[in-house]
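Take a look at the structure below.
The values are calculated or read from the model by the stated rules, or taken from the named source; none is laboratory data. Quick caveat, the model's predicted, so the values are computed rather than measured. Here the Cβ positions follow ideal geometry from the backbone for every residue, glycine too, while neighbour counts run over all protein chains shown. What goes into the accessible areas is simple: the full protein's heavy atoms, side chains included, and nothing from ligands, DNA or RNA. Shrake-Rupley method; radii C 1.70, N 1.55, O 1.52, S 1.80 Å.
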Amino acid sequence: MSDNNTYKTPSLGEGRGGQTGVFVGSFNPFTVGHYSIVTRALPLFDRLVIGVVGDQVHKPDMPSAEERVRVISELYANEPRIEVKPYYGLAIEFAQQEGARFIVKGVRSTKDFEYEREQADVNRQLSGVETILLYSEPQYSSISSTMVRELQHFGVDVSAFLPHKPYKPYKTH
């Protein structure tokens, strides 16, 4: 490595006195797969902030960020190391605002991996924020928020895919 490159790889063990990670997504809805990622990521950090995307530009039928934050917050009401907040803009900006050096993302498939790898590379180049990829547990690898919304749209009971009571039905066109 040349002397011109002063990049220092962060260590999870470094500065454990206040290590913060962020887990970001639209969580529309927050599924058992998301819940599993949070459960498995929590031991890595002193504080884990679940960042709920507030920008609804591409998903106008999405419940408000405040509603999604409320539902997720209720799941973790008894866990003081977890905070749930809406955010607007880039995930790396949110991570920096929260004092986090790590973004946690869940990966279900090779398709997810390639997308998240590209995002992680760009995030690291722009900000130095690293991404930790946690692979989905096998029983959750087919569960996506999109699948849950589609099933809900057709009146299917989706409670097995959610760690909470389902959101109100979505608007239909």
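Tabulated values for the structure
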item	result
Point-to-point label distance, SER73-GLN96, nm (Cα→Cβ direction, 7 Å offset)	2.7 nm
Separation of the PHE113 and MET147 label points, Cα + 7 Å toward Cβ, nm	1.8 nm
Net dipole in debye of the stretch 62-110 [+1 Lys, Arg Cβ; -1 Asp, Glu Cβ; about Cα centre; nearest 20]	240 debye
Full-stretch length increase - SER159, ILE132 - with 0.36 nm per residue and alpha-carbon distance subtracted	6.9 nm
³J(HN,Hα), Karplus 6.51/-1.76/1.60, whole Hz, each residue of the stretch 31-39, x for Gly, Pro	9, 5, x, 4, 4, 4, 4, 4, 4
For the stretch 58-108: rounded, prolate or oblate by the Cα gyration tensor [a/c cutoff 1.5]	oblate
With DNA, RNA and ligands ignored, accessible area of THR39 (1.4 Å probe; Å², nearest 10)	70 Å²
Table column - 3J(HN,Hα) (Hz), the stretch 128-145, Karplus curve with 6.51, -1.76, 1.60, x for Gly and Pro	x, 6, 8, 10, 9, 9, 10, 6, 4, 5, x, 5, 10, 5, 9, 8, 10, 4
